[in-house]
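Let me begin by presenting the structure, written as structure tokens, before commenting on it.
The values are calculated or read from the model by the stated rules, or taken from the named source; none is laboratory data. Only a predicted model underlies this, so the values are computations on that prediction, with no experimental measurement involved. For neighbour counting, all protein chains shown are included, and Cβ atoms are generated from backbone atoms with ideal geometry for every residue, glycine included. The protein model used for the area step is the full one, side chains on, heavy atoms only, and it has no ligands, DNA or RNA in it. Shrake-Rupley method; radii C 1.70, N 1.55, O 1.52, S 1.80 Å.
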Amino acid sequence: MIREDEVYKIGRVGKPHGVRGELTVHISDDVFDRVEAEYLVLCTDGILVPFFMEEYRFKNDEQVLVKFCDIDTKQQAQRLTGCEVYFNRRLAESVADEHPSLHQLVGYTLIDTAAGGKTVGTITAIDDSTANVLFCIETQGGAEVLVPVAACTDGNIDNYQRTVSAMLPEGLADC
């Protein structure tokens, strides 16, 4: 059984492409450029399920056409439309070196080194809807704080401890 902390969201399944079971997958992560993988994880009916890929090809920078094993008709493919797509976190981290994907950092803890190592909270999402990309942080008190990713550019990412340590400007993460 795949646990939610073992994967991170990279996109969503769109509509079928053609009649042979191929699907359009809308991606928000460049993981296909960095890692070779045999499968993607789809959330179907609230359960994380691995789907092995026969092949994939890029349609553009944000869409990948994927042919999954045993999905051979347009009708079978339509059942997967709208499913969230996840990627194996351990596989992505194996090649992450100093520049992991922002979406890979969801679930990591943000630590403010300027405040003496104070834990700001957990990164719950990445808001990349504007040019100013933001970390959505849930504090230990349950409040939501938005922190510009640019404020964390000098940060240290520890994949083992699942933390991002950054020297944040004073007052930025106060709740």
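Starting from residues that are in a strand (DSSP E or B) and out of contact with any strand residue (DSSP E or B) (no Cβ under 6 Å at 6 or more places or on another chain), keep the ones in the stretch 17-52 and report whichever is nearest to ALA77 (Cα to Cα). If you could, list the steps in order and put the result at the bottom.
If we filter the stretch 17-52 for residues that are in a strand (DSSP E or B), which is where we start, we get 22-27, 39-44, 47-52.
From the residues that got through so far, the ones that are out of contact with any strand residue (DSSP E or B) (no Cβ under 6 Å at 6 or more places or on another chain) too are 44, 47.
Values: THR44: 13, ILE47: 17 Å.
Only one residue tops the list, namely THR44.
Conditions (1) in contact with a helix residue (DSSP H, G or I) (Cβ under 8 Å, 6 or more places away or on another chain); (2) under 19 Å from ASN159 (Cβ atoms); (3) of a type in the set (Ser, Thr, Tyr), marked per residue:
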site: VAL19; (1), (2), (3): yes, no, no
site: VAL31; (1), (2), (3): yes, yes, no
site: MET53; (1), (2), (3): no, no, no
site: LEU65; (1), (2), (3): no, no, no
site: CYS83; (1), (2), (3): no, no, no
Exactly one of (1) closer than 26 Å to GLN161 by Cβ; (2) open to solvent by 30 Å² or more (accessible area, probe 1.4 Å); (3) in contact with a Phe, Trp or Tyr (Cβ under 8 Å, 6 or more places away or on another chain); (4) of a type outside the set (Lys, Arg) is unmet by PHE87. Its number? (2)
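Please state which one of THR109, THR124 is open to solvent by less than 50 Å² (accessible area, probe 1.4 Å), within 20 Å of GLU4 (Cα to Cα) and among the polar types (S, T, N, Q). Show your work before the answer.
Details: THR124 fails: open to solvent by less than 50 Å² (accessible area, probe 1.4 Å).
From the options THR109, THR124, the qualifying one is THR109.
Among what's in the stretch 144-155 and is open to solvent by 20 Å² or more (accessible area, probe 1.4 Å) and among the β-branched types (Val, Ile, Thr), pick the residue that is nearest to the chain's Cα centre (by Cα).
So in the stretch 144-155, the residues open to solvent by 20 Å² or more (accessible area, probe 1.4 Å) come out as 144, 146, 148-151, 153-155.
With the extra rule that they be among the β-branched types (Val, Ile, Thr), the set shrinks to 149, 153.
Details: VAL149: 15, THR153: 18 Å.
Among those residues, the one meeting the criterion is VAL149.
Among the residues of the stretch 15-53, which ones are under 11 Å from LEU65 (Cα atoms) and either of a type outside the set (Gly, Ala, Ser) or modelled with pLDDT of 95 or more (or both)?
Scanning the stretch 15-53 gives LYS15, PRO16, HIS17, GLU22, LEU23, THR24, VAL25, HIS26, ILE27, MET53.
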For residues in the stretch 14-56 being of a type in the set (Gly, Ala, Ser) and touching a residue at least 24 places away in the same chain (Cβ under 8 Å), which is surrounded by the most Cβ atoms within 10 Å (Cβ to Cβ)? GLY21
Being within 27 Å of VAL13 (Cβ to Cβ) and surrounded by 21 or more Cβ atoms within 10 Å (Cβ to Cβ) narrows it down to one residue among GLN63, GLN104; which is it? GLN104
